[in-house]
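A quick write-up on the structure given underneath.
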Amino acid sequence: GVYDPLGWLESEPEAFERRRAVERKHGRIAMAAVVGMLFHNADIEFPGYLSKELGIRFADIPNGMNGLFSVPIAGISQIVFAIGVVELAIWPASDYSGDYGTGYGRPFVPNVLEGDELKYKLDMEINQGRAAMMGIMGALVGEAVTGQTLAEQYASGNLIGYGPP
């Protein structure tokens, strides 16, 4: 069952469904963030320029949180705008089903899940999203405390956050 000490599941079932859908969406964002962090820490970047006018290449952006402050304000604005379009128009927050038309399984092969299998997959996705949320927050807090990205912490053996062993 679901841990619900305040009884909101019975008194506000629509609010519970909304919270569950929001948690699923945040988990998906966190999973993408973890993959992006791992790729960027491995120095796998897009070729070419981030801003040709300013002469900034994708490879010039540092790893970790410092990379956020190296992106021009126009780039940050474009990211925020794109997220807004996706959130409001493409995958609206009012859709609580968890199916945003991207499909499941193999690419280009339609696979529709229903019933218990759909519930199992969505519950599994929530659990994986929770792990990704903890993972990305742990990496960010570890970087804020030590000043090292996750890759630098791993390379130096500094995985506990208090300095080298």
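The values are calculated or read from the model by the stated rules, or taken from the named source; none is laboratory data. In this text the structure is predicted, and so the values were computed from the model without any measurement. Here the Cβ is made from the backbone with ideal geometry for all residues, glycine too, and neighbour counts use every protein chain on show. Note: accessible area is taken over every heavy atom of the protein model, side chains too, but ligands, DNA and RNA are not part of it. Shrake-Rupley method; radii C 1.70, N 1.55, O 1.52, S 1.80 Å.
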Q. In the list E53, E117, E87, which residue meets the criterion of being modelled with pLDDT of 75 or more, more than 22 Å from E23 (Cβ to Cβ) and among the acidic types (D, E)?
A. E53
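I'd like to verify a number: residues in segment 12-37 that are part of a helix (DSSP H, G or I), free of Cβ contacts under 8 Å to residues at least 24 places away in the same chain, out of contact with any Gly (no Cβ under 9 Å at 6 or more places or on another chain) and surrounded by 13 or more Cβ atoms within 10 Å (Cβ to Cβ), how many? Even if it seems obvious, please write down each step before you answer.
Going through segment 12-37, the residues part of a helix (DSSP H, G or I) turn out to be 13-37.
So of that shortlist, the ones also free of Cβ contacts under 8 Å to residues at least 24 places away in the same chain come out as 13-16, 19, 29, 32, 35-36.
Then drop every residue that is not out of contact with any Gly (no Cβ under 9 Å at 6 or more places or on another chain), which leaves 13-16, 19, 32, 35-36.
The next check asks that each one be surrounded by 13 or more Cβ atoms within 10 Å (Cβ to Cβ); those that pass are 16, 19.
Total satisfying the criteria: 2.
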Q.
I need the full set of residues from segment 133-158 which are open to solvent by 40 Å² or more (accessible area, probe 1.4 Å), touching a Leu at 6+ places or on another chain (Cβ under 9 Å) and without any contact (Cβ under 8 Å) to a residue 40 or more places away in the chain, in order please.
A. G138
Q) Which ones in segment 1-11 are acidic (D, E) and outside any loop (DSSP other than H, G, I, E, B)? A) E10
Q.
Just the residues that are over 21 Å from the mean Cα position of the chain (by Cα), surrounded by 12 or more Cβ atoms within 10 Å (Cβ to Cβ) and part of a helix (DSSP H, G or I), please, taken from segment 107-132.
A. L118, K119
Q. Tell me, which residue of segment 42-77 that is within 25 Å of I136 (Cα to Cα) and of a type in the set (D, E) is surrounded by the fewest Cβ atoms within 10 Å (Cβ to Cβ)?
A. D43
